[in-house]
1. Tell me the residue from A18, A38 that is touching a residue at least 24 places away in the same chain (Cβ under 8 Å), out of contact with any helix residue (DSSP H, G or I) (no Cβ under 7 Å at 6 or more places or on another chain) and closer than 17 Å to H104 by Cβ, please.
2. Mind checking whether some residue in segment 202-217 is in contact with a Ser or Thr (Cβ under 8 Å, 6 or more places away or on another chain) and part of a strand (DSSP E or B)?
3. Take segment 30-58 and flag every residue that is touching an Asp or Glu at 6+ places or on another chain (Cβ under 9 Å), over 24 Å from V185 (Cα atoms) and not charged (D, E, K, R).
4. Which of the numbered conditions does V153 fail, given that it passes all the others? Conditions: (1) assigned to a helix (DSSP H, G or I); (2) surrounded by fewer than 16 Cβ atoms within 10 Å (Cβ to Cβ); (3) touching a Leu at 6+ places or on another chain (Cβ under 6 Å).
5. Based on what the data block shows, is T192 within 24 Å of L22 (Cα to Cα), within 25 Å of the chain's Cα centre (by Cα), among the polar types (S, T, N, Q) and part of a strand (DSSP E or B)?
6. With the condition kept exactly as written, say whether any residue in segment 17-30 is part of a strand (DSSP E or B) and either closer than 20 Å to I147 by Cβ or of a type in the set (G, A, S) (or both).
7. Can you tell me which residue is surrounded by the most Cβ atoms within 10 Å (Cβ to Cβ) among those in segment 87-108 that are of a type in the set (A, V, I, L, M, F, W, C) and more than 19 Å from H14 (Cβ to Cβ)?
8. Which residue, of T128, T79, T42, T64, is touching a His at 6+ places or on another chain (Cβ under 7 Å) and assigned by TED's automatic domain parsing to the domain that holds A16?
Amino acid sequence: MSVSVAYPGPAGSHTASAAAALFPSARLVPLAGFRAVADAVTSMDAVHGVLPIESSLVGPVAETHDLLYERALSIVAETVLPIRHCLAGPAEIALEDVRVVRSHPTALDQCRDLLARMPDATPFPMPTTAEAAHQAAEDGDATHVAIVSPEAVVLYGLTLLADDIGDHTAFTRFVSIGRYTALDVPHDTARTAFSFVTRHQPGALHAAIEPFARIGLDLQRLVSRPQPATPWKYRFDAVVAGHPLEPAVRQALQEVKAVTRELRVVGVYEGHEEEG
């Protein structure tokens, strides 16, 4: 029986491609959005889920960071894919006649130059780029178009209006999430993801990240996220190069724990070779 892997659907999204790359032999299951994927993994309806977590152009994907924290899930793998966006719709149309452009918010952010050339078009956020493609095909209104993947253009029978429309060469980092923390990861390529909440005092953030520099570890990412229950207070999500069972990484995490209100490891996985 094949392993089930959930991703935010429908089919034809960039995340679907990432899921296939991470789990080439798995049964891939499209679900209605990021939260549905996290819920499916939490409830054991899926063994793994795949979500985007970072864009090389617009930075972290906030919803994925928050779901990992809220659901106590763990990153178990990652991949980085080049992202190529297309503008497509039900029929040929001049750009100046477009009135609605649907896509995922990250894709809309990555195609600002094109949107600026369509001043009468209203950007409309969708749960996924594939859902935007599906909606454009369902509407059948030539003035309602979508920013989608090349695969979605073919899959949903759309007309290609413009190809490779991103502002710059873009890559997206995707992660596989599970209910467990993997420790059988090669130490030389391991990454440890963790979240922490600082104490409310001057210099608290510096105290939390100083151990990594002093010990000589590469703190590769640091993302701040608000805590809804406590306005104007923030959580920090970070990734350090190294395995948590290595003495240096273990020491750094112990020192961070001693000077913060909360520390939680949210993933151990093999790092993908950086692109760009």
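The values are calculated or read from the model by the stated rules, or taken from the named source; none is laboratory data. All values derive from a computational prediction rather than experimental measurement. A quick note on method: Cβ atoms are made from the backbone with ideal geometry, for glycine too, and the neighbour counts reach across all protein chains shown.
1. On the way: A38 fails: out of contact with any helix residue (DSSP H, G or I) (no Cβ under 7 Å at 6 or more places or on another chain).
Every option except A18 fails the conditions.
2. no
3. Matches in segment 30-58: L31, A32, G33, F34, S55, S56, L57, V58.
4. So the condition that V153 fails would be (2).
5. yes
6. The first filter runs over segment 17-30 and keeps only residues part of a strand (DSSP E or B), leaving 27-30.
Now restrict to residues that are either closer than 20 Å to I147 by Cβ or of a type in the set (G, A, S) (or both): 30.
Within segment 17-30, one or more residues are part of a strand (DSSP E or B) and either closer than 20 Å to I147 by Cβ or of a type in the set (G, A, S) (or both).
7. Taking segment 87-108 and keeping what is of a type in the set (A, V, I, L, M, F, W, C), we get 87-88, 91, 93-95, 98, 100-101, 107-108.
Subsequent filtering for residues that are more than 19 Å from H14 (Cβ to Cβ) retains 91, 93-95, 98, 100.
Values: A91: 12, I93: 18, A94: 9, L95: 14, V98: 21, V100: 18.
Once the filter is applied, the top-ranked residue is V98.
8. On the way: T128 fails: assigned by TED's automatic domain parsing to the domain that holds A16; T42 fails: touching a His at 6+ places or on another chain (Cβ under 7 Å); T64 fails: touching a His at 6+ places or on another chain (Cβ under 7 Å).
Among T128, T79, T42, T64, only T79 is touching a His at 6+ places or on another chain (Cβ under 7 Å) and assigned by TED's automatic domain parsing to the domain that holds A16.
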